[in-house]
Amino acid sequence: MPKVILYILLLLAALLAILVLYFLFVFICSMLVDTKKTYKENSRFYRFLLNSCTDIAMVVTRLKIHVTGLDRVPDGRFLFVSNHRSNFDPIIQWHVLKKQDLCFVSKDGNFKIPLFGRIIRKCCFLSIDRSDPRKSMKTLLDAAELIKNDQVSIAIYPEGTRSKDCVLLPFHDGVLKVAKMANIPILVSTIQGTEKIHKNYPWKSTDIYVDIIDLIDTDTVKESSTHVLSERVREDMVNKLGETSKEQK
């Protein structure tokens, strides 16, 4: 066997061994997380684990992420809202805005995903039960408190669930109360292409488009009702999704 091929095989074996040891380390760390506890401080260590795992996932899944509008991201904390098409959406969005420490308000099932489900708890991700208005409000209050304590920026999907037909579902206006309670701006974004990942992988790469399209300033948030804010957010998304759809045809 030529020495070059031998060296390549040894290098690949070493990389594989490093990956195995890394994920073993991540697994051990995840088992130290108390799944019955709501964490109120964003762990820098677990946030690093989350981001590093996500970086690997982006390479493995062969995603090509195209981002516009980063100049609209404010320096301070904000409420991030977006349309929702795939389970990959939050992973890609916290990857794009990793410097802003996004914390998603999500359904309980996502906290049961191996490794990720435990790690996101330590990063202050919050579970919401939409079937119980009292519990839902408690989650929104907790989200506002995290922002006030400068732990994270909160991310939430006004549709409440994935749109499998890629058409915007009705919005839950109440989720925008977080911005009013925490006195922060609302960063509006759209995401497209994630609905194609499961069809393309592993044979084809997938182009993902993340567009940050509007920043609703704090004064506007304070003066407007959640319904008015919801209508503006929805109009922003409809306009952008419509434009992009026409461009891609």
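The values are calculated or read from the model by the stated rules, or taken from the named source; none is laboratory data. A quick note: this is a predicted structure, and the numbers were derived from the prediction, not measured. Virtual Cβ from ideal backbone geometry, glycine too; neighbours counted across all protein chains shown. The area values use the complete protein model at the heavy-atom level, side chains included, leaving out ligands, DNA and RNA. Shrake-Rupley method; radii C 1.70, N 1.55, O 1.52, S 1.80 Å.
Quick rundown of the values:
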read-out	value
Distance between modelled label sites at LYS196 and ASP108, nm, 7 Å Cα→Cβ extension	3.7 nm
The stretch 168-176 - phi-based ³J(HN,Hα) in whole Hz, Karplus 6.51/-1.76/1.60, Gly and Pro as x	4, 7, x, 8, 9, 4, x, 5, 6
Carbon plus sulfur fraction of accessible area for the stretch 1-56, probe 1.4 Å, in percent	77 percent
Taking the stretch 169-249 and dividing mean pair separation by its residue count, relative contact order in percent (alpha carbons under 8 Å, at least six apart)	38 percent
Potential extension, VAL20-THR35 segment - 0.36 nm per residue separation minus Cα distance	3.0 nm
Between helix 133-148 and the chain: long-axis angle, C-alpha atoms, 0 to 90°, nearest 10	70 degrees
Cut-off under 5 Å, modelled amide H: who pairs with ASP207 long-range	LYS64
The chain - mean residue ellipticity at 222 nm from DSSP helices (-39,500 (n - 2.57) per run, n ≥ 4, rounded to 500)	-14500 deg cm²/dmol
Cα Rg, Dmax, the chain, angstrom units	19.5, 73
The stretch 55-178: radius of gyration over Cα atoms, expressed as a fraction of 2.2 N^0.38 Å	1.05
Surface accessible to a 1.4 Å probe, ASP101 within the full protein complex, Å²	10 Å²
For the stretch 74-127: accessible area per residue (Å², 1.4 Å)	37 Å²
Pairs beyond 29 Å (Cα-Cα), from LYS135/LYS222; LYS37/LYS199; LYS36/LYS199	LYS37/LYS199; LYS36/LYS199
Where labels lie 7 Å past Cα in the beta-carbon direction, separation of SER225 and ASP129 in nm	3.0 nm
Under 17 Å from the ASP207 label point (7 Å along Cα→beta-carbon), backbone N, the stretch 82-101	none
LEU10-ILE56 FRET efficiency (beta carbon distance; Förster radius 22 Å; 0.05 resolution)	0.55
Degrees between helix 3-31 axis and first principal axis of the chain (Cα, 0 to 90, nearest 10)	40 degrees
Surface share of carbon and sulfur [accessible, 1.4 angstrom probe, percent] for the stretch 72-207	51 percent
Reachable lysines, given that their alpha-carbon falls under 16 Å from the alpha-carbon of LYS204 and they are not under 8 places away in the same chain	LYS64, LYS196
